[in-house]
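The values are calculated or read from the model by the stated rules, or taken from the named source; none is laboratory data. Everything numeric in this text was worked out from a predicted model, so none of it was measured. Neighbour counts run over all protein chains shown; Cβ positions are idealised from the backbone, glycine included. With ligands, DNA and RNA removed, areas are computed over all heavy atoms of the protein, side chains included. Shrake-Rupley method; radii C 1.70, N 1.55, O 1.52, S 1.80 Å.
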Amino acid sequence: MAGAVETTDEVASHLHPAGSFDVDDHPMPNGREEIWRFTPLRRLAGALDRQPTGAGAVDYRVEAPGEVAVASLAPGQAPRGTVLVPSDRAAAIASAETADALHVKVPAEVVVADPVAVTVQAGGGRSNGHVVLDVGPFAKVTLLLDHRGTGVHTANLEVVVGDGAEVTVVSVQDWDRDAVHLGQHEALVGRDASYRHIVVSLGGDVVRLNSNVRYAGTGGGADLYGLYFADAGQHLEHRLFVDHNAPHTRSHVDYKGALQGRDARTVWVGDVLIRKIAEQIETYEINRNLVLTDGAQADSVPNLEIETGEIVSAGHASATGRFDDEQLFYLQSRGITEEDARRLVVRGFFAGLLERIGIETVRDRLTEAIERRLAEVGV
Amino acid sequence: MSTLSIRDLQVSVNVGEGEDKQILHGVDLTINSGETHAIMGPNGSGKSTLAYSIAGHPKYTITGGSVTLDGEDVLEMSVDERARAGLFLAMQYPVEVPGVSVSNFLRTAKTAIDGEAPKLRTWMKDLKTAMSDLQMDPEFAQRNVNEGFSGGEKKRHEIMQLELLKPKMAILDETDSGLDIDALRVVSEGVNRAKTETGAGVLLITHYTRILRYIKPDFVHVFVAGRIVEEGGPELSERLEVEGYERYAAGAGAAKIGD
Ligand SMILES: Nc1ncnc2c1ncn2[C@@H]1O[C@H](COP(=O)(O)OP(=O)(O)OP(=O)(O)O)[C@@H](O)[C@H]1O
Ligand SMILES: [Mg+2]
């Protein structure tokens with residue numbers, strides 16, 4: 001598999017300085033840095049202190065169909081490190097403190113019908129993790145990364161999408177209310193390959209995920225979908241970076257969030273860079289937020305950097321709507337109870353994403369997690 | 001046969017800093033099934049306040065009087081209870097509801113009003129018919145409620161709800177405003193169909209006489225400064241057409257004719 005396409009302009013986006021495996025290259029942030037300015041550093045509970053994984057702090061349970069090889073990779077052992085270079089301190093710590101990364105390998109041309117399920121069960125305390133999903137050319141697979149329990153967890157996911165492969169990653173943050181989770185998901189999308197990355201963040205005190213994509217050749221496509229629900233006091237942050245570094249590539253980002261309660265906070269930062277070489281690309285990114293009550297705050301920052309005009313299309317949109325008394329009155333005036341009105345609005349808002357998930361067991365798992373979370377918080 | 005009875009209704013609105021402004025100064029009105037009452041009055045006279053107060057909008061405070069539907073105290077009911085009791089308000093400014101599709105909204109409302117989910121087959125058919133009768137593109141069913149609808153589309157959507165939800169009493173607050181002549185005809189036909197089919201009583205609030213050419217009122221009430229100042233048959237609207245509201249100029253005429 002080839003590395004990244006040679007680009008004539010190695011200028012990095014100003015929001016994405018070159019990464020490093022060395023933890024010391026990522027100084028402890030003070031909160032004024034562009035990439036940290038939204039994050040409540042005081043609530044990270046030591047996630048940015050370099051610490052090994054505590055005994056019993058995390059258990060990775062893997063259920064994989066027979067044609068999938070499951071092994072481990074040491075630091076520097078390819079393909080580990082070929083796609084993901086830590087872009088912040090949390091990712092560097094996760095990488096440095098994971099001696100044996102979980103290696104999930106799907107050989108070329110193998111179509112795996114059932115999902116590979118990796119359940120990350122955190123049992124309290126400090127943990128680090130690194131998963132490498134390594135999909136050969138023309139193979140097809142879905143990975144469900146299912147986060148549960150509690151603790152302070154920094155973890156990375158590195159995805160090699162071989163040429164012509166079809167890969168879906170579903171990452172569910174179904175943490176207990178007090179968990180802290182920082183992570184980087186990095187994918188390299190092969191020639192004519194397609195990559196779907198679906199994030200569902202429901203639990204946790206602080207969740208911050210960087211989901212990044214770049215291309216190893218022309219013709220690749222990436223769909224990055226997200227859904228999040230923040231209740232009182234939760235901080236859910238999703239940062240995306242699509243690096244269109246090859247021509248004729250495609251990306252579509254669609255994140256939706258709902259918030260309610262005092263100090264519920266969500267942050268969405270969507271960066272798309274269209275490099276000079278990336279002619280004839282298509283990109284669209286949208287983030288929509290639904291604020292259900294006063295006291296909740298949704299930040300939404302789309303950012304498009306275009307270095308060539310020779311593209312098919314590029315666009316972004318961001319909308320934050322409120323569910324207010326007038327809407328409630330309108331629905332109630334049609335006989336709908338207040339409780340049902342709220343349910344209707346939230347579920348309607350989220351409905352589209354689940355329909356996009358083809359595998360029934362995965363869809364059921366997400367529906368179950370969402371319904372349980374909404375019931376917990378009285379929606 | 002149903003009766004909506006409004007007695008000496010007095011309503012104030014909170015204008016901020018704990019200050020209330022009295023808007024309705026005692027309104028009396030009785031509407032029976034099958035009757036169409038037009039309420040006509042100048043801007044700011046309190047027509048919408050009357051409509052919203054009957055529907056239960058939280059912004060308004062009832063300071064006196066009563067509203068009953070077949071003897072039941074409407075003012076004691078929550079907003080959704082009023083709707084389930086058979087009241088319907090087509091709003092002057094329908095509200096956008098992000099994230100809720102028209103089709104999902106209508107099915108949920110229908111289920112709430114009827115107390116059971118409509119049979120899927122007949123429901124789909126009814127919905128389709130209602131949309132085509134009001135000349136709404138079928139794609140509206142997938143759009144979010146009122147989001148990005150033009151003024152005319154919003155009004156058609158209101159009347160579509162009237163047809164589907166089949167209330168006992170419908171209050172139409174300036175359903176005619178913002179409609180061109182074709183849309184006005186389409187919407188009026190919808191109201192007339194609903195009346196014929198369900199025998200609903202209609203309270204038609206309007207500023208202009210134009211809509212009354214399509215929806216024939218049995219009674220016309222002239223509304224000025226928070227009360228009814230004159231009542232009559234359809235001929236009264238024709239007189240208003242010619243003379244306007246000037247002769248009811250606040251204060252002078254109102255008190256004399258109204259009391
Ligand atoms: N929140 C408010 N604060 C202050 N005044 C208000 C408020 N709401 C309504 N009013 C006033 O109450 C009066 C009646 O308003 P209402 O909307 O009922 O009139 P209307 O007859 O429906 O007018 P229109 O023909 O313009 O629709 C107006 O003078 C209006 O300014
Ligand atoms: Mg009005």
Filter result (away from ligand 2 (no atom under 16 Å from the Cβ), in contact with a Ser or Thr (Cβ under 8 Å, 6 or more places away or on another chain) and over 11 Å from B:L24 (Cβ atoms)) within region B:48-66 | B:G56, B:S66
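Kindly provide the set of residues from region A:34-49 that are in a loop (DSSP other than H, G, I, E, B) and closer than 13 Å to A:E237 by Cβ, ordered by number.
Within region A:34-49, A:I35, A:W36, A:R37, A:F38, A:T39, A:P40, A:L44, A:A47 meet the criteria.
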Specify the residue that is farthest from the other protein chains (Cβ to nearest Cβ); the eligible residues are those in region B:68-118 that are open to solvent by 50 Å² or more (accessible area, probe 1.4 Å) and in a helix (DSSP H, G or I).
-> B:E76
Out of all the residues in region B:43-67, which are buried (at least 17 other Cβ atoms within 10 Å of the Cβ), facing chain A (nearest Cβ under 9 Å) and of a type outside the set (A, V, I, L, M, F, W, C)?
-> B:Y52, B:G56, B:H57
Can you give me the number of residues within region B:90-115 that are closer than 18 Å to A:R343 by Cβ and either without any contact (Cβ under 8 Å) to a residue 24 or more places away in the chain or not hydrophobic (A, V, I, L, M, F, W, C) (or both)?
-> 10
In the set B:L69, B:L24, which member is within 16 Å of ligand 1 (Cβ to nearest atom) and touching a Leu at 6+ places or on another chain (Cβ under 8 Å)?
-> B:L24
Can you tell me how many residues in region B:176-187 are open to solvent by less than 10 Å² (accessible area, probe 1.4 Å) and within 12 Å of ligand 1 (Cβ to nearest atom)?
-> 1
Could you say whether any residue in region B:120-141 is within 14 Å of another protein chain (Cβ to nearest Cβ), more than 17 Å from the chain's Cα centre (by Cα) and not aromatic (F, W, Y)?
-> yes
When you scan region B:205-222, how many residues do you find that are over 14 Å from B:G233 (Cα atoms) and either within 16 Å of ligand 1 (Cβ to nearest atom) or open to solvent by less than 10 Å² (accessible area, probe 1.4 Å) (or both)?
-> 6
Specify the residue that is nearest to the other protein chains (Cβ to nearest Cβ); the eligible residues are those in region A:308-337 that are out of contact with any strand residue (DSSP E or B) (no Cβ under 6 Å at 6 or more places or on another chain) and surrounded by fewer than 16 Cβ atoms within 10 Å (Cβ to Cβ).
-> A:D325
Inside region A:216-235, the number of residues satisfying the requirement of being in contact with a Pro (Cβ under 9 Å, 6 or more places away or on another chain) and closer than 20 Å to A:V159 by Cβ is 2
Residue that is farthest from A:E376 (Cα to Cα), among those in region A:218-242 that are over 15 Å from the mean Cα position of the chain (by Cα) and open to solvent by 10 Å² or more (accessible area, probe 1.4 Å) = A:T218
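Table: residues versus (1) outside any helix (DSSP H, G or I); (2) crowded, with 19+ Cβ neighbours inside 10 Å; (3) aromatic (F, W, Y).
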residue	(1), (2), (3)
B:N146	yes, yes, no
B:F149	yes, yes, yes
B:R156	no, yes, no
B:Q161	no, yes, no
B:L164	no, yes, no
B:P167	yes, yes, no
B:I171	yes, yes, no
Within region A:113-143, work out how many residues are open to solvent by 10 Å² or more (accessible area, probe 1.4 Å), touching a residue at least 40 places away in the same chain (Cβ under 8 Å) and farther than 20 Å from A:L73 by Cα.
-> 10
Among residues of region B:12-47 being in contact with a His (Cβ under 9 Å, 6 or more places away or on another chain) and within 11 Å of ligand 2 (Cβ to nearest atom), the residue nearest to B:L204 (Cα to Cα) is B:I39
Looking only at region A:189-211, count how many residues are closer than 28 Å to A:R177 by Cβ, open to solvent by 10 Å² or more (accessible area, probe 1.4 Å) and in a strand (DSSP E or B).
-> 1
Go over the candidates A:I277, A:I286 one by one and state the one that is closer than 30 Å to A:G219 by Cα, open to solvent by 30 Å² or more (accessible area, probe 1.4 Å) and away from chain B (no Cβ under 13 Å).
-> A:I277
Kindly list the number of the only condition in (1) away from chain B (no Cβ under 14 Å); (2) in contact (Cβ under 8 Å) with a residue 12 or more places away in the chain that fails for A:F350.
-> (1)
Of the residues in region A:338-370, how many are within 21 Å of A:L259 (Cα to Cα), surrounded by fewer than 16 Cβ atoms within 10 Å (Cβ to Cβ) and small (G, A, S)?
-> 2
